[in-house]
């Protein structure tokens, strides 16, 4: 996948500022990257249209909102046939407690990040849904004790 145009230093500055603060106004963004607002807005719209900016969202405070338990689940499948992988990915899409899912290589086939209100809710989900799902051979979980760094996005110097 590639962009329909080459990014220049100003585009990268726009992306860096937006990654830091997605709610920044166009006027403030323009000021920070050294443009006037109209050309800054045109560049921003071009970056959005190209797909370089995939979206915007609020980062919620899970513990404050009653979702204070997080864990990783490493899932091994019985079969890695393409149809089985796609079927498992479709199943993941319907599970609200699964917040992130990665197809991986190595000891497991998928790494899932689960978020729940308490440990019992996550245990119930793992036993009732995840380990009982078709084609799941094994599930190993790791409780997240503390988030030491959370910096989504890409490293832009």
Every residue from the stretch 15-30 that is without any contact (Cβ under 8 Å) to a residue 40 or more places away in the chain and closer than 24 Å to residue 151 by Cα: 17, 18, 20, 21, 22, 23, 24, 25, 26, 28, 29, 30
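The rows are residues; the columns are (1) in contact with a strand residue (DSSP E or B) (Cβ under 7 Å, 6 or more places away or on another chain); (2) under 30 Å from residue 14 (Cα atoms).
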site	(1), (2)
55	no, yes
58	no, yes
65	no, no
79	no, no
110	yes, no
130	yes, no
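Residues that are in a helix (DSSP H, G or I) and loosely packed, with under 12 Cβ neighbours inside 10 Å: does the stretch 56-73 have at least one?
Going residue by residue through the stretch 56-73, those that are in a helix (DSSP H, G or I) are none.
No - not one qualifying residue is present in the stretch 56-73.
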Residue check for residue 44: surrounded by 12 or more Cβ atoms within 10 Å (Cβ to Cβ) and over 20 Å from the mean Cα position of the chain (by Cα): yes
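Laboratory data are not the source of any read-out in this text; all were calculated from the coordinates shown. Note that the coordinates shown come from a computational prediction; the quantities given were computed from them, not determined experimentally. Cβ atoms come from the backbone with ideal geometry, glycine included; neighbour counts cover every protein chain shown.
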